[in-house]
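Heads up: the structure comes next, in structure tokens.
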Amino acid sequence: MPFALLILGILLLVAGVRNTQDVLFALFKGDFVGQDNFIFWFLAIVLIGALGYIPKLKPISTAFLGLVIVVLFLKKGSSTGTGGGFFAQFTQAISGTQNAATSSASTPSPLPLGNVGGTSGTLAANAQTQNLLGQLQNMLQQDEQNLVSTTL
């Protein structure tokens, strides 16, 4: 637990230093609000883990937690192309980095957040989230290029 809190603290510190905490919170909000959210998985893991505190149910709880982890990795995405398991998200992320590497690396402007989970619909929120992720990725690539150029 201390290790997880240390990682969370470092994540919040880096977001604060880069002044991207609003983007970070918008991404966390997107995980727990809206269509295809993570809250059902979170509740299932908590309830199954709570069953593990009963000594006679601990093996059953361990087996179900293992099953939930396997399902999280192998889950198929929805028909709209969103969501998916680890491998679907991994291949989508790899194709996203290849597209971003070919795009121009201009200086990013401050990130507008607006109403990410608002009434304009899920598609607009997804497009805005993708835009924010692209801008964040461009910023990270520029930081990496600056770091490489300063170390050489």
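The values are calculated or read from the model by the stated rules, or taken from the named source; none is laboratory data. Just so you know, these numbers come straight off a predicted model, no measurement behind them. With ideal geometry, Cβ positions are generated from the backbone for all residues, glycine too; neighbour counts draw on all protein chains shown.
Numerical summary
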quantity	calculated
Meets criteria (at pLDDT below 85 and not basic (Lys, Arg)) for THR80	yes
Any hit, the stretch 19-40, residues being of a type in the set (Asp, Glu) and farther than 21 Å from ASP143 by Cα	yes
Any hit, the stretch 58-65, residues being of a type in the set (S, T, N, Q) and in contact (Cβ under 8 Å) with a residue 24 or more places away in the chain	no
Every residue from the stretch 19-39 that is at pLDDT 85 or above, outside any helix (DSSP H, G or I) and surrounded by 12 or more Cβ atoms within 10 Å (Cβ to Cβ)	THR20
Some residue of the stretch 36-55 being touching a residue at least 24 places away in the same chain (Cβ under 8 Å), within 30 Å of VAL14 (Cα to Cα) and not aliphatic (A, V, I, L, M)	yes
The lone exception for THR91 - which of (1) at pLDDT 70 or above; (2) surrounded by 14 or more Cβ atoms within 10 Å (Cβ to Cβ) it fails	(2)
The stretch 1-18, subset surrounded by 11 or more Cβ atoms within 10 Å (Cβ to Cβ) and of a type outside the set (A, V, I, L, M, F, W, C), residue nearest to MET139 (Cα to Cα)	ARG18
In the stretch 40-62, the residues that are surrounded by 11 or more Cβ atoms within 10 Å (Cβ to Cβ) and within 26 Å of the chain's Cα centre (by Cα)	TRP41, PHE42, ALA44, ILE45, LEU47, ILE48, GLY49, ALA50, THR62
Selected residue (only one of VAL46, VAL71 is out of contact with any strand residue (DSSP E or B) (no Cβ under 9 Å at 6 or more places or on another chain), farther than 30 Å from GLN21 by Cβ and at pLDDT 70 or above)	VAL71
